[in-house]
Amino acid sequence: MSEEQDVTTRGEARRRFDPGAKALVIATVMLALVVSALLPWSGGSPGWEVLTGQSDPALKVGLLPRLFAINSTIVGLGFGALALISRRWGAAFLAGVAGMVVSFEGMIAIWSRQTSGTAGPGLGLVLAVVCMVVLAVQWMRIVWSRD
């Protein structure tokens with residue numbers, strides 16, 4: 001192998017990561033995020049109804065829980081799957097930073113349900129926020145371990 005090919009190979013290796021055991025944790029938390037969509041988020045309305053906008057209008061779910069449902073699906077499942085499949089450092093960075101933003105958004109969604117005067121946050125919403133926090137932490141641990 002020539003020196004030029006060796007430099008190219010090392011540069012390619014720096015852009016990739018090996019999650020090791022963290023991949024199993026991330027995949028398990030992603031599965032828990034999917035399960036959280038089946039649990040109630042507000043009153044008797046499950047997360048998938050909040051995501052698709054089909055929740056009972058009497059619950060007054062509002063914009064914040066719906067925005068969190070959309071963004072947690074895109075970031076938690078979409079960006080997470082992209083990073084796990086591609087094993088690119090940039091995708092892991094995107095999943096980590098976006099995961100932190102969506103985690104904060106989820107905490108505000110819980111707060112909005114607590115102050116709505118109607119049904120408070122359900123188990124599914126709380127579980128989804130916890131899943132997003134764990135995903136963000138795991139992705140940032142991978143990002144920070146970059147050589």
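The values are calculated or read from the model by the stated rules, or taken from the named source; none is laboratory data. All values derive from a computational prediction rather than experimental measurement. Glycine also receives a Cβ, built like all others from the backbone with ideal geometry; neighbour counts cover every protein chain displayed. The area values use the complete protein model at the heavy-atom level, side chains included, leaving out ligands, DNA and RNA. Shrake-Rupley method; radii C 1.70, N 1.55, O 1.52, S 1.80 Å.
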So what's the angle, to the nearest 10 degrees on a 0 to 90 scale, between helix 63-72 and the longest Cα principal axis of the chain? 30
In degrees from 0 to 90, rounded to the nearest 10, what is the angle of the helix 3-14 Cα long axis to the longest principal axis of the chain? 20
Over the chain, with the other protein chains present, what is the accessible area per residue in square angstrom, probe 1.4 angstrom? 55
Report, in degrees rounded to the nearest 10, the 0 to 90 angle that the Cα long axis of helix 123-144 makes with the longest principal axis of the chain. 20
What FRET efficiency do you get for L123 and R15 if R0 is 30 Å and r is their Cβ-Cβ distance, rounded to the nearest 0.05? 0.15
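Kindly state, to the nearest 0.05, the FRET efficiency for S145 paired with W111, given R0 = 35 Å and r defined as their beta-carbon distance. Could you put the intermediate results ahead of the total?
Details: r = 33 Å, r/R0 = 0.93.
Efficiency at R0 = 35 Å is approximately 0.60.
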Is the shape of region 83-147 best called rounded, prolate or oblate, per the rule: a/c under 1.5 gives rounded, else a/b larger than b/c gives prolate, else oblate, with a ≥ b ≥ c the square roots of the Cα gyration tensor eigenvalues? prolate
Of the labelled options (i) 40; (ii) 59; (iii) 44, which one gives percent of Cα pairs over 23 Å apart as computed for this structure? (i)
Output ordering of 17-23, 91-97 (per-residue mean of other Cβ within 10 Å, highest first) is 91-97, 17-23
Derived scalar couplings ³J(HN,Hα) [region 33-44; Karplus, 6.51 cos²θ - 1.76 cosθ + 1.60; whole Hz; x for Gly, Pro]: 5, 5, 4, 4, 6, 8, 8, x, 9, 8, x, x
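What does the charge dipole of the chain about its Cα centre add up to, to the nearest 20 debye, if the Cβ of each Lys and Arg holds +1 and the Cβ of each Asp and Glu holds -1?
Value, rounded to 20: 160 debye.
Quick one: length gained pulling L63 to V101 fully straight, 0.36 nm per residue minus the C-alpha distance? Provide the component values of the computation, followed by the final result.
Details: separation 38, 0.36 × 38 = 13.68 nm, distance 1.63 nm.
Here the answer is 12.0 nm.
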